[in-house]
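Chemist: The structure follows.
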Amino acid sequence: MELSENALKVLSARYLLRNEKGNVVETPEEMFRRVAHNIAKAEKLYNEDADYWEERFYEIMASLRFLPNSPTLMNAGKSLGQLAACFVLPVEDSMKSIFDTLKNAALILQSGGGTGFSFSRLRPRADIVRSTGGIASGPVSFMKIYNTATEVIKQGGARRGANMGILRIDHPDILEFIKVKRSEGELTNFNISVNVTDVFMEALKNNAEYDLINPRSGEAVESLKARTVFDELVESAWETGDPGLIFIDRINMANPTPGIGNFESTNPCGEQPLLPFEACVLGSLNLSKYVKDSVIDYSFLENDIKTAVRFLDDTIDVNIYPLPDIERMHKGNRKIGLGVMGWADMLILLGIPYNHKKAFEFARKIMKFIRDKAREASVELAERRGVFPNFKGSIYDAPCMPAVRNATTTTIAPTGTLATIAGCSSGIEPLFAIAYKRFVLDTELYEINRHFIETARKRGFYSEVVINRIFKTGIAKGIKEIPADVRKLFKTALEIPFEDHIEMQAAFQEYTDNAVSKTINIPHKAKKEDVAQAFLLAYEKGVKGITVFRYGAKKGTLVKFADSD
């Protein structure tokens, strides 16, 4: 097992079992064994050899080729037993629903899950409340209550509480929502996104007005210039990194079970659209592990895809759900989300710069392969175990469509902490820096890209001077000792134009069932016009959502170069 010092720090901080005194009483090997044993128990439900699959599951994790989402690593085999990362809970327009949902969210957050909410059904600020004769305080006021509760809950939870708060672009309180995080300290436990409709985008294109709809009455109460609202979206995103945009009509067009309901929200990082009370289990393959001598071992990758799909499907069966409604929905649709990490590392090992045309073409090729093989695995499971219970009326319930076990099989998650454990780059992101200091789970980590060190030694430019320069700036640009082709190969996130970030996201989205988590990093000096262009390009390119983060924006900077304090 090739665990780095940083991986061991992260595992010790939050993942490994502790005794009543708070002392770690589990090794990483024992953690992977605990998880494999727990997940493989599901095999007994289908008269399969649980011992055989336990060994397969252990080996694929212990080799760091595949890791499931954090709650599975943390909770499998424990009494809590909650293994899913992503949830969406409904918020209806009543005081009972608002606080019932908050209670349910507390149980999920405590178990290490992340929760998404759409507040679009709540009546707007100053609207009438007939039952009391008073006036409504609006969605933002209740979000602040949820935020405060999360602050308390996360202190005793398995990991830092994460929420997604969403409001439709046609809600009467949309401008208040868009601007809320411009105030320091507001909604610090929320990522926020706006559900942007095709109607709004058409109005924006035509420089026209669009209607705001009171969700209580369903009636139009006001009209706004689409450009005015868009400019406020751009201003807030430029200043704080929030809100992101969710292209909700596009997401619902891809809904595999439209008869069960419509999507209103996603999980906290936006990659997993879910129906109310739905959950999803995620896992990621470390793509860097499938490159041997600059060639991809597709046979090896195919075998691991099928093992990972089986692992995630088994996770649904052994999961201990926080609510009966969630169990019913998750087992009804059996959604899983197999994704990737180590994408930037794979490109480096293949000698392809991140924002080269070849990289975009290869992204489509590799993700199509993963999606196709994941679906094949789901079909094979369905032949032995049956299709997902809500199959009838789904998009798969049609001629020439596969009879699948899982309503979805692929998702691209951010994998920040998992990538640290696996010793690879995060998700499909480029390298943020070649060397830097960052905090993961309140643990300070120093990192320098091992592929850069290997390349420097192999190409003969390794020296103390070069390494010190890399630690000082985090980038290869401007260091004359580093050959030009190597500088291109190790180009970092802020050196890559936003158009190329979006092109990479679109390439992966084309062959991903759910959505793709990708941060569109732009330099501190970027203009608001750059954010506006990024939003418009994302819609044009067919992605399902977009988050733009200007480095050093008010929201805060998560990493520092390694020589800084």
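The values are calculated or read from the model by the stated rules, or taken from the named source; none is laboratory data. Bear in mind the structure is a predicted one, so any value in this text is a computation, not a measurement. Virtual Cβ from ideal backbone geometry, glycine too; neighbours counted across all protein chains shown.
Chemist: Quick check on the range 318-331: of everything there that is in a helix (DSSP H, G or I) and aliphatic (A, V, I, L, M), which residue is surrounded by the fewest Cβ atoms within 10 Å (Cβ to Cβ)?
Modeler: So the residue we want is 318.
Chemist: Quick test for you: out of 257, 315, pick the one residue that is β-branched (Val, Ile, Thr), crowded, with 22+ Cβ neighbours inside 10 Å, in contact with a Pro (Cβ under 9 Å, 6 or more places away or on another chain) and not in a strand (DSSP E or B).
Modeler: 315
Chemist: Among what's in the range 332-384 and is farther than 21 Å from residue 505 by Cβ and free of Cβ contacts under 8 Å to residues at least 24 places away in the same chain, pick the residue that is surrounded by the most Cβ atoms within 10 Å (Cβ to Cβ).
Modeler: Residue satisfying both the conditions and the ranking: 382.
Chemist: I'm trying to understand the selection: among the residues of the range 478-504, which are under 12 Å from residue 519 (Cα atoms) and either among the aromatic types (Phe, Trp, Tyr) or touching a Cys at 6+ places or on another chain (Cβ under 9 Å) (or both)?
Modeler: Correct list: 498 only.
Chemist: Could I ask something else about it? Among the candidates 514, 521, 468, which residue alone is part of a strand (DSSP E or B) and either among the hydrophobic types (A, V, I, L, M, F, W, C) or at negative phi (or both)?
Modeler: 521
Chemist: Report, by residue number, each residue of the range 457-481 that is surrounded by 16 or more Cβ atoms within 10 Å (Cβ to Cβ), more than 25 Å from residue 421 (Cβ to Cβ) and touching a Phe, Trp or Tyr at 6+ places or on another chain (Cβ under 6 Å).
Modeler: If the condition is that a residue be surrounded by 16 or more Cβ atoms within 10 Å (Cβ to Cβ), more than 25 Å from residue 421 (Cβ to Cβ) and touching a Phe, Trp or Tyr at 6+ places or on another chain (Cβ under 6 Å), then 476 is the only one that fits.
Chemist: From the set of residues in the range 520-565 that are among the polar types (S, T, N, Q) and modelled with pLDDT of 95 or more, which is nearest to residue 187 (Cα to Cα)?
Modeler: Here the answer is 547.
To keep it simple, each residue is scored yes or no on (1) more than 28 Å from residue 301 (Cβ to Cβ); (2) hydroxyl-bearing (Ser, Thr, Tyr); (3) out of contact with any Phe, Trp or Tyr (no Cβ under 9 Å at 6 or more places or on another chain); (4) modelled with pLDDT of 95 or more.
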| residue | (1), (2), (3), (4) |
| --- | --- |
| 6 | no, no, no, no |
| 10 | no, no, yes, no |
| 13 | yes, no, yes, no |
| 17 | yes, no, yes, yes |
| 24 | yes, no, yes, yes |
| 33 | no, no, no, yes |
| 36 | no, no, no, yes |
| 56 | no, no, no, yes |
| 62 | no, no, no, yes |
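Chemist: So residue 327 passes all but one of these: (1) farther than 23 Å from residue 518 by Cα; (2) touching a helix residue (DSSP H, G or I) at 6+ places or on another chain (Cβ under 6 Å). Which condition number does it fail?
Modeler: Checking residue 327 against (1) farther than 23 Å from residue 518 by Cα; (2) touching a helix residue (DSSP H, G or I) at 6+ places or on another chain (Cβ under 6 Å), the one that fails is (2).
Chemist: Continuing with this model, one more query. Given 472, 491, which one is of a type outside the set (Ser, Thr, Tyr) and within 30 Å of residue 535 (Cα to Cα)?
Modeler: From the options 472, 491, the qualifying one is 491.
Chemist: Name the residues in the range 13-27 that are in contact (Cβ under 8 Å) with a residue 12 or more places away in the chain and hydroxyl-bearing (Ser, Thr, Tyr), would you?
Modeler: 15 - this is the single residue of the range 13-27 that is in contact (Cβ under 8 Å) with a residue 12 or more places away in the chain and hydroxyl-bearing (Ser, Thr, Tyr).
Chemist: A further question follows. If we keep just the residues of the range 270-297 that are touching a Cys at 6+ places or on another chain (Cβ under 9 Å) and of a type outside the set (A, V, I, L, M), which is nearest to residue 100 (Cα to Cα)?
Modeler: 278
Residue-by-condition table, conditions (1) at pLDDT 95 or above; (2) surrounded by fewer than 23 Cβ atoms within 10 Å (Cβ to Cβ); (3) at positive phi:
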| site | (1), (2), (3) |
| --- | --- |
| 393 | yes, yes, yes |
| 396 | yes, yes, no |
| 408 | yes, no, no |
| 412 | yes, no, no |
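Chemist: Going through 404, 387 one at a time, which residue ends up being within 19 Å of residue 42 (Cβ to Cβ), aliphatic (A, V, I, L, M), in a loop (DSSP other than H, G, I, E, B) and without any contact (Cβ under 8 Å) to a residue 24 or more places away in the chain?
Modeler: 387 is the lone residue from the list that is within 19 Å of residue 42 (Cβ to Cβ), aliphatic (A, V, I, L, M), in a loop (DSSP other than H, G, I, E, B) and without any contact (Cβ under 8 Å) to a residue 24 or more places away in the chain.
Chemist: Hey, another quick one. Residues that are touching a residue at least 60 places away in the same chain (Cβ under 8 Å) and more than 17 Å from residue 163 (Cβ to Cβ): find the helices (runs of 4 or more DSSP H) completely inside the range 28-140 holding 3 or more of those.
Modeler: 28-40, 50-62, 70-75
Chemist: Only one of these is among the polar types (S, T, N, Q) and modelled with pLDDT of 95 or more: 79, 131, 97. Name it.
Modeler: Result: 97 is the single residue among 79, 131, 97 that is among the polar types (S, T, N, Q) and modelled with pLDDT of 95 or more.
Chemist: Ok, one more. If I filter the range 433-450 for residues that are assigned to a helix (DSSP H, G or I), under 30 Å from residue 546 (Cβ atoms) and within 21 Å of the chain's Cα centre (by Cα), do I get at least one hit?
Modeler: no
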